[in-house]
Amino acid sequence: VVARSLTNEGDGDYEITLKQVKVAAGGGPLTPAKPVLASLVPEEVDTWSFVAETGDYISLLVSSDQFDAYLELFGPDGELLTSDDDSGGGLNAALLDFSIPEEGEYALAVSSSRPQERQGGVYEVLLTVTDAVDLTGQLQDGQSVTRELKAGDQHTWTFSAGEGTYVTVRMESDTLDTYLSLYDANGELLFLNDDFLAKQAVIANFLVPRTGEYRVVARAYTSSETGDYTITFSNTNEELPLNFTKPE
């Protein structure tokens with residue numbers, strides 16, 4: 001075990017703990033709000049199941065510090081509905097506020113996004129189910145809003161846009177490593193960004209595929225971060241130049 005700081009400039013006290021834990025192979029039923037610890041065998045796929053109703057919003061988080069997690073969600077008929085690699089920050093996979101289209105049993109497949117490297121190890125999977133999305137606010141063209149993000153929080157913003165227009169969203173902060181994810185009304189991940197401008201996240205000139213409602217999730221790269229951020233939204237008929245400056 002090699003313990004060091006992320007950079008050679010850091011120094012200070014730290015605590016290290018070692019313990020043995022028995023972890024079962026992954027797969028089986030999931031219970032909402034109850035995280036499950038499991039072990040992924042290299043080159044294999046763990047399949048989890050859960051029941052959801054029409055109108056539910058589900059979130060899934062697959063986190064591990066041992067491999068690059070990848071998730072796939074399948075509907076009651078076995079159809080692949082969506083997938084994700086790094087929306088959970090770092091190498092973690094996440095699906096946020098996905099709108100359940102029909103009642104039935106759904107399957108979550110967990111694997112490594114780098115199977116050629118024979119990755120595997122211990123991971124945690126967490127399912128949450130709600131009947132409504134907690135919205136932070138509605139974004140309008142030219143709007144710039146400042147909010148406080150507390151540790152472990154994420155803010156969900158909505159906006160309406162027409163097909164063929166361009167959407168640009170900036171999330172800037174002096175204290176946070178910002179992170180943005182863009183979803184359609186059905187919860188399908190369309191775009192994500194972490195470090196477009198240093199530690200500032202930008203969804204730049206996203207071409208809207210169809211007229212409708214969209215959701216932007218704003219959060220910090222790591223759950224322990226806290227501080228103020230400013231989110232800026234533009235919806236234009238032409239692409240914007242990318243020489244952004246911080247809002248005053």
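If you roll a 1.4 Å probe over the stretch 1-158 with all protein chains in place, what percent of the accessible area is carbon or sulfur? Before the final figure, lay out the partial values.
Working: 4430 of 9480 Å².
In the stretch 1-158, the share of accessible area belonging to carbon and sulfur is 47 percent.
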- [ ] Would you kindly find the accessible area of E44, with a 1.4 Å probe and non-protein molecules such as ligands, DNA and RNA excluded, rounding to the nearest 10 Å²?
- [x] 100
Open item on the list: Which order do you get for Y221, Y14 if you rank them by accessible area with a 1.4 Å probe, largest at the top?
Closed with: Y14, Y221
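Leaving out ligands and nucleic acids, note down the accessible area per residue over the chain with a 1.4 angstrom probe, in whole Å².
On the way: 13700 Å² over 248 residues.
Computed with neighbouring chains in place, this is 55 Å² per residue.
Take the solvent-accessible surface of the protein heavy atoms, probe 1.4 Å, and return the percent of it on the stretch 165-248 that carbon and sulfur atoms account for.
That fraction is 50 percent.
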TODO: Taking the convex hull of the Cα atoms, report for the stretch 115-230 its projected area averaged over all directions, in nm².
DONE: 9.2
TODO: At a 1.4 Å probe radius, which order do F50, F191 fall into by accessible area, largest first?
DONE: F191, F50
Open item on the list: If DNA, RNA and ligands are ignored and the probe is 1.4 Å, what is the ranking of T17, T158 by accessible area, most exposed first?
Closed with: T17, T158
Task: 15 Å beta-carbon shell around P42, net charge (K/R +1, D/E -1) - done: -3
- [ ] Please work out the Cα center distance from the stretch 81-99 to the stretch 44-76, rounded to the nearest Å.
- [x] 9
- [ ] With Cα extents along the principal axes in Å defined as stated, name the option among [x] 54, 54, 32; [y] 56, 45, 38; [z] 108, 43, 27 computed from the structure displayed.
- [x] [x]
Open item on the list: What distance in nm lies between label points placed 7 Å from Cα along the C-beta direction at V51 and V23?
Closed with: 3.0
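Below 29 Å Cα-Cα, how many Lys pairs turn up in the chain? Only count pairs eight or more apart in sequence, or on different chains, if you could.
Pairs that pass both the separation and distance tests number 6.
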Open item on the list: Please give me the summed charge of the neighbours of L207: other residues whose Cβ is under 15 Å from its Cβ, Lys and Arg +1, Asp and Glu -1.
Closed with: -3
Open item on the list: Net charge within 12 Å of L60 by Cβ-Cβ distance, Lys/Arg positive one each and Asp/Glu negative one each, not counting L60 itself?
Closed with: -4
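The values are calculated or read from the model by the stated rules, or taken from the named source; none is laboratory data. What you see is a predicted model; the values in this text were computed from it and never measured. Glycine gets a Cβ as well: all are built from the backbone with ideal geometry, and neighbour counts include every protein chain shown. Please note that ligands, DNA and RNA were not included when accessible areas were found on the heavy atoms of the full protein model with its side chains. Shrake-Rupley method; radii C 1.70, N 1.55, O 1.52, S 1.80 Å.
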